């Protein structure tokens, strides 16, 4: 049904955005004190300013990684047993009716939702 396919697409988008927001929230706080690739470089703690300070090769790496992850998602969706957000095939290893696994999936969704709100708040505060 069309409604079921749309719901799967929404879940996929929610998982992807939640995972990115969780990584962004971690990076937001870690980058203030730890620059492993830019030793000695003075980069701003303001993410809007820091984005303009990233070298061109850094942007190439970011775009290449994002493209690779999108390609992984496209290829994963072609598997007949694909579940939303399952890029590495872990749904084949776990029983989807297992209560522990369902609890883990709900925790990931909720943490992703919280991270999306947190990043929106952090970026809004930084922009002011």
Residue 48 vs. criteria part of a helix (DSSP H, G or I), closer than 24 Å to residue 121 by Cβ, at pLDDT below 90 and in contact with a helix residue (DSSP H, G or I) (Cβ under 7 Å, 6 or more places away or on another chain): yes
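Conditions (1) within 26 Å of residue 120 (Cβ to Cβ); (2) in a helix (DSSP H, G or I), marked per residue:
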site: 11; (1), (2): yes, yes
site: 20; (1), (2): yes, yes
site: 26; (1), (2): yes, yes
site: 32; (1), (2): yes, no
site: 36; (1), (2): no, no
site: 61; (1), (2): yes, yes
site: 71; (1), (2): no, yes
Long-range neighbours under 6 Å by Cβ, at least six apart or interchain, first residue on the phi > 0 side of the Ramachandran plot and part of a loop (DSSP other than H, G, I, E, B) within the range 77-101, second at pLDDT 70 or above and surrounded by 12 or more Cβ atoms within 10 Å (Cβ to Cβ): 85/15
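The values are calculated or read from the model by the stated rules, or taken from the named source; none is laboratory data. This structure is a prediction, so every number in the text was calculated from the model and none was measured. Glycine gets a Cβ as well: all are built from the backbone with ideal geometry, and neighbour counts include every protein chain shown.
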